[in-house]
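**Student:** Encoded as structure tokens, here's the structure I'll be asking about.
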Amino acid sequence: MKREKMAPPLAVVVMGVSGCGKSSVGERIAAQNGMAFLEGDQLHPPQNVEKMAQGIPLTDDDRLPWLDRIGAKISTALDASQGLVISCSALKRSYRDRLRQAAGGRLAFVFLEGSRDLLLSRMQARQGHFMPASLLDSQLQTLEPPAGEPGVVTVAIDNAVDDIVALACKGFSGMAVKGGD
């Protein structure tokens, strides 16, 4: 018999604009909680990656198939009672709601929030990433911060990565979830 327990949600989306540290934080949250990590950027269709590499912002029409791929990965993991942490910008509430629906509501978000200056400096320091720093402003314009949404933990990125992970895990550790045996 499955029971309510206090534990990290079985699926966690680490979200925010490019340069906020989604991958680094997501990998550590997953490792700390014995969950798998999936880099959401790997699920972008090739045409999305090409557009971003050329400095062309994605549209909702570009993002929806990508979000559906992410939602399918979340759903598959939850159906198998496997934990999953995935990085995904999830910039709009409608995107987050789409992912919540795919997860049957068993999903938490960690929103990594930071100043434009800090985000820009991080993006400019990256090596070999397809997302140019020129797209930061379009992402910030698209971003609908998740304030007041259920199952969201907001953490400032001007902390050390270990502190960000600790704050995120502490924030969602009290969320009751139904999960594995």
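**Student:** For q = 0.14, 0.20, 0.24 Å⁻¹, what log10 I(q)/I(0) does segment 1-105 give under the Debye formula with an equal point scatterer on each alpha carbon and no solvent?
**Tutor:** Scattering profile of segment 1-105, log10 relative to I(0): -0.54, -1.05, -1.42.
**Student:** Just subtract the alpha-carbon distance of Q101 and E39 from 0.36 nm times their residue separation and send over the number in nm, one decimal.
**Tutor:** Numbers: separation 62, 0.36 × 62 = 22.32 nm, distance 2.01 nm.
Length gained between Q101 and E39: 20.3 nm.
**Student:** Next question. For S23 and V161, compute 0.36 nm times the residue count separating them, minus their Cα-Cα distance, and round to one decimal in nm.
**Tutor:** Working: separation 138, 0.36 × 138 = 49.68 nm, distance 1.09 nm.
That pair, S23 and V161, stretches by 48.6 nm at full extension.
**Student:** Sorting L140, L112 by accessible area (1.4 Å probe), largest first, what list results?
**Tutor:** Working: L140 55, L112 5 Å².
Sorted by accessible area, descending: L140, L112.
**Student:** Using the Cα atoms of segment 24-66 to build a convex hull, what is its mean projected area in square nanometres?
**Tutor:** Details: hull surface 14.7 nm².
Quarter of the Cα hull surface area: 3.7 nm².
The values are calculated or read from the model by the stated rules, or taken from the named source; none is laboratory data. Given the structure is predicted, the values throughout are model-derived calculations rather than measurements. Protein only, heavy atoms only, side chains kept; ligands, DNA and RNA dropped before computing areas. Shrake-Rupley method; radii C 1.70, N 1.55, O 1.52, S 1.80 Å.
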